[in-house]
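Below: one structure, written as structure tokens.
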Number of protein chains: 2
Amino acid sequence: MAGEDRVLANGAKHIDFQTDPSRYRHWKIAVDGDVATLTMDVDENGGLFEGYQLKLNSYDLGVDIELADAVQRLRFEHPEVKVVVVRSGKNRVFCAGANIRMLAGSTHAHKVNFCKFTNETRNGLEDSSENSGQKFISVVNGTAAGGGYELALATDHIMMADDGSAAVALPEVPLLAVLPGTGGLTRVVDKRKVRRDHADYFCTIEEGIKGKRAVQWRLVDEIAPNSKLEAKIAERAKEFAAGSKRNGNGKGIALTPLHRKIDDNGLHYDFVDVEINRAQRIATISIKAPEAAPPADVDGMIGQGADFWSLQVARELDDAILHLRINELEIAMLVFKSHGDGAMVAAYDDFLDKNKDHWLVNEIRHYWKRVLKRIDVTSRTLVTLVEPGSCFVGTLAELVFAADRSYMLVGQKQGDNRPPPAIMLNAMNFGPYPMSHGLTRLQSRFQADPSQVDDAKAKIGESLDAETAEELGLVTFALDDIDWDDEVRVFFEERTSFSPDSLTGMEANLRFVGPETMESKIFSRLTAWQNWIFQRPNAVGENGALRRYGTGERAQFDMTRV
Amino acid sequence: MAGEDRVLANGAKHIDFQTDPSRYRHWKIAVDGDVATLTMDVDENGGLFEGYQLKLNSYDLGVDIELADAVQRLRFEHPEVKVVVVRSGKNRVFCAGANIRMLAGSTHAHKVNFCKFTNETRNGLEDSSENSGQKFISVVNGTAAGGGYELALATDHIMMADDGSAAVALPEVPLLAVLPGTGGLTRVVDKRKVRRDHADYFCTIEEGIKGKRAVQWRLVDEIAPNSKLEAKIAERAKEFAAGSKRNGNGKGIALTPLHRKIDDNGLHYDFVDVEINRAQRIATISIKAPEAAPPADVDGMIGQGADFWSLQVARELDDAILHLRINELEIAMLVFKSHGDGAMVAAYDDFLDKNKDHWLVNEIRHYWKRVLKRIDVTSRTLVTLVEPGSCFVGTLAELVFAADRSYMLVGQKQGDNRPPPAIMLNAMNFGPYPMSHGLTRLQSRFQADPSQVDDAKAKIGESLDAETAEELGLVTFALDDIDWDDEVRVFFEERTSFSPDSLTGMEANLRFVGPETMESKIFSRLTAWQNWIFQRPNAVGENGALRRYGTGERAQFDMTRV
């Protein structure tokens, strides 16, 4: 399980990423017209694991799962909301950041997964702002330290009380010997464009920066005395709502609970099925095409709500990936398969393409983008098998291009009457689902000759058999029935025998060809260094700063500079 | 010293980056008209440390120091050379990569420093090709594995024998549980634009790829049967020479031995002095302005050769940085100071600006660029103190902008008659010395408001005192005499008390604001992941792959995926 020194609270057997506001322990959502307020009021005794208390609005993964859920619900359930105010329910503290005792007692794998998810949540805030027109304002009413300030950094506008006490701080380096690794270092210089030497100073002082200097150095956007703060917040919210591109019309849909069954062999949803083979250390993720045609129009889609196939399958897939990442640490490989009628998948993609200006369709498209991005940064070997009966069309074909390798069968399998498999491209492969570094998966794939993207585009709507797909560069290997079983088996056996660490590093490098963006820098430059530090005795050793924090004893450092 | 399990060979007390062809044990330079041949013929018994043999043209840092020296000399000593052919002196083996026993027995710090230097050497090859018109051809006559293929990847054109045996390979992941971390993963997909799934396959097979598939997959540029290989090489060399922008005129200058004295207290050169304070863990690097005006013309400069101030001080500074990096691992901070007549520095910069089309001036400018880049990726806190008597003008002012923080004195010091210090900008601050991510240090500094670069440019040639420099954003803090000593002392004490690892990670993030390039990706995405892996028991533990290599015992892996 996730933490070797830790036991999940309340007898839970796994970490669950599904929640809803009725179950929140740490956050409150209040919607008032076009402004929502997300209040962080962490329940000290509501930690995900036993053994620590979440004091001073510090957080663990459980707190962040609620935040991610809230941000998601605001997008889908509240089309009327144009501004989200993030604030604290505690007096004189905004958020103290990730809980240090939780970190100190976590396995390396849990630390890394925790940071990955919290990074995705913060990227999700920014995605909502950019693509759904929900602008985020954070209200720093007291200490915003470490992950607390990093949360504020993910919002569009940081307001701080000018009371001689409220301050923003990134005290990780001086206090804990780790980095502000949830985007902090990157967002300070790349998003807020704080001058690098000011950033250097800021990141090495425990007490942080308050008042005017915080504004001058671009660390916050504005300060206000407490007597005027509420009025200012209301004013800003109004202003941001007026400037939002979200039209605010329509009625939200409820993100109803997923139909999910978890057993020893895997996870079972309506359209996604995960079969876990622990002996082989492989999880096979099968995605089923819709069984019915899409609704005639957007009203029909709204009527279906969370049962609309494109949305439902995205939610199921997202949950499955998150579950596997954190609860199944020894699974080396995710094997994607699909089955069902490709024409149905095409019809749903066509619906998403034709109605892309509708707010809900827009949300579903951006959600698929985020699910696929989550897959891109998942540290497991990704393989897609294109076999008879599969339906890798458009959106689902992105799983072929997201894979480290794909195998496609040439012709039929002996004793199987189903026709040879085909891949079909559509508009969804040429824009709506960019990776975190800004390129589509096909652009990323065809860096050597960008005209291959055009060649692929020219085949939109055509059934592409294995030989054609291989020729177009869409699959890694096209194999016939004679070779298929052996080749795939040998690959699986070899791959799962390699050091998981070297695969993590290799895949993280090969998947992101070409440019970097702020978002991809967070997962590469920042995260890779943080993971390194999370291995170093100076941070995590018996005498390291994370372990010594709060004991009254100073950490002892090996002063060798590496 | 560099390796805790290792003793330097031949009783050496430190690793020396100075060498010359008369002392090479592993490389031969032969110049024939406009083509130079660099032959790698590693002396098995010429390892830098005791305890391993450099079989099959495998290399350690000592081998790479010679390569770096050779590449440097070809640029300065051989203006006539337009093509460099890199080949092996061994039969049926090009290069087996970094020596595994050396790696297995090295400290973490040595591994990291080794990779950093070898990366810089390969970047240097590419810099020579791009900016000096010396095109590199590698001739893969047999196995080019791991670092061997990475060396070939740094060349412009890879030719391989088509003999059923010669192959390129990156077997690090399957064989050693580490990454092809000397640029390999990045160059395969970003430079050679090998499709990511092909790269995935290639990087997981021990035996590598030979013949036609190597060409089809873009891993090499051409193959030729052994009977035709020499003729093809000559043909390509001729073609590349004809296409080179290097005009080939002029006579080279000799890179004569540096005047250097190393003692317990530091390193002492003619214009660079390094004072090491081991108790404080600080090295102070003082740079002296030239004492005489620059020569009247380029012939005068050629006459001075390696004694021309701009070149000499670059060589001294480069050597000092390299020495400190690898021989002084507990030094936390490099403090840059300068002294002498700023007008002299300005005059030399002016010379470099006016004569920039001359081949030697071009070389000196690009060399300074590389020295400054080396400083940027040096994992020590960089501080520049601008005090009375200093001469931070143009090229030397880049040390103010390269620093994590700079302090500048307002006015004079009590009891010191020298005038208040000034910074002066010139053309060298606005283009010739980009960082590895493509921006100048001033562009990087002023991301928030690029017009500040123009504001600075408008001040070219003016003496900027501390208050003006602070207002322009050129220094971090302007302090008067009353505060100076205490502020600087407290900063030094605090900074050197922090965990070196967290500082390494923090500085590597804050220094590289904004875009990334292939070169900067090698130092961020790739290197940071490799450093992480270099900490992981699966690679470096007692039962890890590096330690088990060659023992006949298989490595044992913790299969947790992180």
(Q) Out of the residues in the range B:273-306 meeting the condition of being in contact (Cβ under 8 Å) with a residue 60 or more places away in the chain and open to solvent by 20 Å² or more (accessible area, probe 1.4 Å), tell me which one is nearest to B:Gln72 (Cα to Cα). (A) B:Val298
Q. Would you call B:Glu516 modelled with pLDDT of 95 or more and either open to solvent by 30 Å² or more (accessible area, probe 1.4 Å) or within 30 Å of A:Asn327 (Cα to Cα) (or both)?
A. no
Q.
Could you check the range A:171-183 and list, in sequence order, the residues that are at the interface with chain B (Cβ under 9 Å from one of its Cβ atoms) and of a type outside the set (Val, Ile, Thr)?
A. A:Glu172, A:Pro174, A:Leu176, A:Ala177, A:Leu179, A:Pro180, A:Gly181
Q) Exactly one of (1) within 25 Å of A:Ala508 (Cβ to Cβ); (2) surrounded by 20 or more Cβ atoms within 10 Å (Cβ to Cβ); (3) not small (Gly, Ala, Ser) is unmet by A:Ile423. Its number? A) (1)
(Q) Please go through the range B:201-238 and give me each residue that is in a helix (DSSP H, G or I), hydrophobic (A, V, I, L, M, F, W, C) and within 14 Å of another protein chain (Cβ to nearest Cβ), ordered by number. (A) B:Phe202, B:Val215
**Q.** Set A:Ser497, A:Ser524, A:Ser502: member being in the same structural domain as A:Glu467 (by TED's automatic domain parsing), under 25 Å from A:Met333 (Cβ atoms) and in contact with a helix residue (DSSP H, G or I) (Cβ under 7 Å, 6 or more places away or on another chain)
**A.** A:Ser502
Q. Out of all the residues in the range A:19-39, which are under 10 Å from A:Glu66 (Cα atoms) and not acidic (Asp, Glu)?
A. A:Thr19, A:Pro21, A:Arg23, A:Tyr24, A:Arg25, A:His26, A:Trp27, A:Lys28
Q.
Taking the conditions exactly as written (touching a Ser or Thr at 6+ places or on another chain (Cβ under 8 Å), hydrophobic (A, V, I, L, M, F, W, C) and crowded, with 21+ Cβ neighbours inside 10 Å), does A:Val139 satisfy them or not?
A. yes
Q.
For the structure I just gave you, tell me whether B:Asn45 is crowded, with 20+ Cβ neighbours inside 10 Å, among the polar types (S, T, N, Q) and either within 14 Å of chain A (Cβ to nearest Cβ) or part of a loop (DSSP other than H, G, I, E, B) (or both).
A. no
(Q) Which count do you get for residues in the range A:384-396 that are within 20 Å of the chain's Cα centre (by Cα) and aliphatic (A, V, I, L, M)? (A) 1
Q) Counting only residues that are of a type outside the set (D, E, K, R) and more than 16 Å from A:Asn113 (Cα to Cα), which one in the range A:511-524 is nearest to the other protein chains (Cβ to nearest Cβ)? A) A:Val513
Q) From the list B:Ala397, B:Ala332, which one is within 22 Å of B:Arg441 (Cα to Cα) and of a type in the set (A, V, I, L, M, F, W, C)? A) B:Ala397
Q. For the range B:450-459, does any single residue satisfy the condition of being outside any helix (DSSP H, G or I) and touching a helix residue (DSSP H, G or I) at 6+ places or on another chain (Cβ under 9 Å)?
A. yes
Q) Hey, any hits in the range A:64-80 for a residue that's in contact with a strand residue (DSSP E or B) (Cβ under 9 Å, 6 or more places away or on another chain), among the aromatic types (Phe, Trp, Tyr) and open to solvent by less than 30 Å² (accessible area, probe 1.4 Å)? A) no
Q: Determine whether A:Thr527 is more than 7 Å from chain B (Cβ to nearest Cβ), among the hydroxyl-bearing types (Ser, Thr, Tyr) and surrounded by fewer than 24 Cβ atoms within 10 Å (Cβ to Cβ).
A: no
Q. Does B:Glu507 satisfy being within 30 Å of A:Gly514 (Cβ to Cβ), at the interface with chain A (Cβ under 7 Å from one of its Cβ atoms), touching a helix residue (DSSP H, G or I) at 6+ places or on another chain (Cβ under 8 Å) and acidic (Asp, Glu)?
A. no
Q.
As an exercise: evaluate A:Asp485 against (1) at the interface with chain B (Cβ under 8 Å from one of its Cβ atoms); (2) farther than 28 Å from B:Gly184 by Cα and give the number of the one condition it does not meet.
A. (1)
Q: Quick one: count up the residues across the range B:195-211 that are touching a residue at least 40 places away in the same chain (Cβ under 8 Å) and surrounded by fewer than 19 Cβ atoms within 10 Å (Cβ to Cβ).
A: 2
Q: For residues that are open to solvent by less than 10 Å² (accessible area, probe 1.4 Å) and more than 16 Å from B:Leu510 (Cβ to Cβ), scanning just the range B:370-384, find the one that is farthest from the other protein chains (Cβ to nearest Cβ).
A: B:Val371
Q) If you take the residues of the range B:539-562 that are of a type outside the set (A, V, I, L, M) and open to solvent by less than 10 Å² (accessible area, probe 1.4 Å), which of them is farthest from the other protein chains (Cβ to nearest Cβ)? A) B:Gly544
Q: Examine the range A:313-336 for a residue that is more than 28 Å from A:Ile522 (Cα to Cα) and open to solvent by 20 Å² or more (accessible area, probe 1.4 Å), and state whether such a residue exists.
A: no
Q. Is it fair to say B:Ser436 is among the small types (Gly, Ala, Ser), in contact (Cβ under 8 Å) with a residue 40 or more places away in the chain and not in a loop (DSSP other than H, G, I, E, B)?
A. no
Q: Could you give me the residue pairs with C-beta distances under 8 Å whose first residue belongs to the range A:389-408 and is in the same structural domain as A:Pro434 (by TED's automatic domain parsing) and buried (at least 24 other Cβ atoms within 10 Å of the Cβ), whose second residue is in a loop (DSSP other than H, G, I, E, B) and among the aromatic types (Phe, Trp, Tyr) wherever it lies, and which are 6+ apart or on separate chains?
A: A:Thr395/A:Tyr433; A:Glu398/A:Tyr433
**Q.** A:Gly438, sole failed condition from (1) open to solvent by less than 30 Å² (accessible area, probe 1.4 Å); (2) within 14 Å of chain B (Cβ to nearest Cβ); (3) more than 28 Å from A:Arg495 (Cα to Cα)
**A.** (1)
Q: Tell me, yes or no, whether the range B:1-10 has at least one residue that is open to solvent by 50 Å² or more (accessible area, probe 1.4 Å), part of a helix (DSSP H, G or I) and not assigned by TED's automatic domain parsing to the domain that holds B:Glu230.
A: yes
Q: Inspect all residues belonging to the range A:33-40 and state whether any of them is in a loop (DSSP other than H, G, I, E, B), open to solvent by 10 Å² or more (accessible area, probe 1.4 Å), of a type in the set (Val, Ile, Thr) and on the phi < 0 side of the Ramachandran plot.
A: no
Q: Could you list all residues from the range B:249-263 that are surrounded by 13 or more Cβ atoms within 10 Å (Cβ to Cβ) and at pLDDT 95 or above?
A: B:Gly252, B:Ile253, B:Leu255, B:Leu258, B:Arg260, B:Ile262
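The values are calculated or read from the model by the stated rules, or taken from the named source; none is laboratory data. Everything numeric in this text was worked out from a predicted model, so none of it was measured. Backbone-built Cβ (ideal geometry, glycine too); neighbour counts: all protein chains shown. These accessible areas exclude ligands, DNA and RNA; they are computed on the full protein's heavy atoms, side chains included. Shrake-Rupley method; radii C 1.70, N 1.55, O 1.52, S 1.80 Å.
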